[in-house]
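**Student:** Pasting a structure below so you can have a look.
The values are calculated or read from the model by the stated rules, or taken from the named source; none is laboratory data. Fair warning: this is a prediction, and the values are worked out from it, not measured in the lab. Every residue, glycine as well, gets a Cβ built from its backbone with ideal geometry; the counts of neighbours run over all protein chains shown. Just so you know, the surface numbers come from the protein's heavy atoms only, side chains and all, with ligands and any DNA or RNA stripped out. Shrake-Rupley method; radii C 1.70, N 1.55, O 1.52, S 1.80 Å.
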Amino acid sequence: MNIKKFFLKSKIIFDKSFRLLFTVFAEPQNCICCDKMCYSVPLCKSCYENQLCKINFNNRCKICGKELISESSVCLECREQPVLHHTDFMFPVHAYKLWKKDLLFLWKLKNVRYLSEYFAKIYNTVIKNYFPDKNICIVPVPPRPGKIKEKGWDQIQDLCKYLKYIYGYKVLNLLKRINVEQQKSLNRNQRLSHIEKLFEYNCKNNETPDEIILIDDIITTGATIEACSKILKEHGIKKVNAITLFYAE
Ligand SMILES: [Zn+2]
Ligand SMILES: [Zn+2]
């Protein structure tokens, strides 16, 4: 076991014990999904296993991967206003609604950092399902410049640490985010081309794998994933897949 993996595993055990102790001595806490009192906040064991970790792999849109309501194999949005032209495969795990919104809020904005471990497990399940026996590289969607300095961490980078050291995936930082002034009141097309300007290829990198998996937390319009895929394709990556934890409906 390498030293980083050892430290990360020890950290997980320490965090879990600390949280357990904390919930025993502190005010009773409720599961954000079923509202029952539990010791493994924010989700109880049963909701974690049966709601969050249970992934529906069937009946998905062939293009954006969202769960389908109709019989057609491509969703209405992808038929009418397709965004993902350079992304070969997309799998967003859960619809962003109800308690899942609270979960993402806790992770991203309330610094509930141990959720990274919960989520890494889900990404690993999806990767194993679609890319078995493959030494596939993971490419994180990079945080905005200065975020790590301000906040101390970035949720996607944190997640990638688990994917690298616990699950053994190769993580390559092939993309960089640049600081571009936020423009308000843009229409849909302007917004899409604005997002394209936010990313560039990381020239410090000297590896070009044939196929990669882009990792982000949520897909809303798909413009971020698409902008990243386009850049990666322009720099020689032949197949770009993407996995996100949530999708906005
Ligand atoms: Zn629960
Ligand atoms: Zn679709």
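**Student:** Please compute the per residue accessible area over the chain with all protein chains in place, 1.4 Å probe, rounded to a whole number of Å². Walk me through the numbers on the way to the answer.
**Tutor:** Values: 14010 Å² over 249 residues.
Heavy-atom SASA per residue in the chain reads 56 Å².
**Student:** Kindly write out, for the range 29-35 in residue order, the coupling ³J(HN,Hα) from the Karplus curve 6.51 cos²θ - 1.76 cosθ + 1.60 (θ = phi - 60°), rounded to whole Hz, with x marking Gly and Pro.
**Tutor:** Result, rounded to whole Hz: 10, 10, 5, 6, 9, 9, 6.
**Student:** Round to the nearest 0.05 the FRET efficiency obtained for Lys204 and Lys110 when R0 = 35 Å and r is the Cβ-Cβ distance. Let's see the in-between values first.
**Tutor:** Details: r = 32 Å, r/R0 = 0.93.
The computed FRET efficiency comes out at 0.60.
**Student:** Give me the number: length gained by fully extending Gln81 to Glu49, i.e. 0.36 nm times residue separation minus the C-alpha to C-alpha distance, one decimal in nm.
**Tutor:** Details: separation 32, 0.36 × 32 = 11.52 nm, distance 3.52 nm.
Using 0.36 nm per residue and subtracting the Cα-Cα distance, I get 8.0 nm.
**Student:** Same structure, new question: Where does the chain land at 222 nm, in deg cm²/dmol rounded to the nearest 500, when only DSSP H runs of n ≥ 4 count, each adding -39500 (n - 2.57), divided by all residues?
**Tutor:** Values: 8 runs with 91 residues, N = 249.
The helix contribution divided over the chain gives -11000 deg cm²/dmol.
**Student:** Structure shown: which of Lys128/Lys164; Lys108/Lys151; Lys121/Lys176; Lys11/Lys45; Lys121/Lys149 lie over 18 Å apart, alpha-carbon to alpha-carbon? All intermediate terms of the calculation are to be shown ahead of the outcome.
**Tutor:** Details: Lys128/Lys164 14 Å; Lys108/Lys151 10 Å; Lys121/Lys176 25 Å; Lys11/Lys45 20 Å; Lys121/Lys149 27 Å.
Over 18 Å Cα-Cα: Lys121/Lys176; Lys11/Lys45; Lys121/Lys149.
**Student:** Taking amide H positions as placed 1.01 Å from N in the peptide plane, with prolines and chain starts having none, which residues 5 or more places from Val171, or on another chain, fall under 5 Å of its amide H?
**Tutor:** Here Ile138 satisfy the definition.
**Student:** Please compute, over every Cα-Cα pair in the range 1-114, the percentage with a separation greater than 16 angstrom.
**Tutor:** Working: 4629 of 6441 pairs.
Within the range 1-114, distances greater than 16 Å cover 72 percent of Cα pairs.
**Student:** Also, I was wondering about something else. Using a probe of 1.4 angstrom, how much of the accessible area of the range 196-244 is carbon and sulfur, in percent?
**Tutor:** Values: 950 of 2020 Å².
Looking at the range 196-244 in its full context, I get 47 percent from C and S.
**Student:** Just how large is the dipole of the chain about the Cα centre, in debye to the nearest 20, putting +1 at every Lys and Arg Cβ and -1 at every Asp and Glu Cβ? Mind dumping the intermediate values first?
**Tutor:** Numbers: 40 positive and 26 negative charges, 128 e Å.
The dipole magnitude comes to about 620 debye.
**Student:** Show me, for the range 47-55, the HN-Hα J-couplings you get by feeding each phi into the Karplus relation (A = 6.51, B = -1.76, C = 1.60, θ = phi - 60°), rounded to Hz, glycine and proline as x.
**Tutor:** With coefficients 6.51, -1.76 and 1.60, one gets 5, 4, 6, 8, 10, 6, 7, 7, 10 Hz.
**Student:** Continuing with the same structure: How long are the semi-axes of the ellipsoid equivalent to the chain, from square roots of 5 times the Cα gyration tensor eigenvalues, in whole Å, largest first? Mind dumping the intermediate values first?
**Tutor:** Numbers: eigenvalues 178, 99, 71 Å².
Rounded to whole Å, the semi-axes are 30, 22, 19.
**Student:** Normalising by the residue count of the range 142-249, find the relative contact order in percent from Cα pairs under 8 Å and 6+ residues apart. Write out the running numbers ahead of the final one.
**Tutor:** Working: 124 pairs, mean separation 26.1, N = 108.
RCO, the range 142-249: 24 percent.
**Student:** Show the residues, 5+ positions off or on another chain, whose built amide H is closer than 5 Å to the amide H of Phe91.
**Tutor:** Residues meeting the criterion, in which the H sits 1.01 Å from N, are Ala242, Ile243, Thr244.
**Student:** Of the accessible area of the range 1-159, with the probe set at 1.4 angstrom, what percent is carbon plus sulfur?
**Tutor:** Working: 5280 of 9420 Å².
The computed percentage sits at 56.
**Student:** Another question, then. For Lys238, list the lysines whose Cα falls under 17 Å from its own Cα; do not include residues on the same chain fewer than 8 positions away.
**Tutor:** Output for Lys238: Lys134, Lys230.
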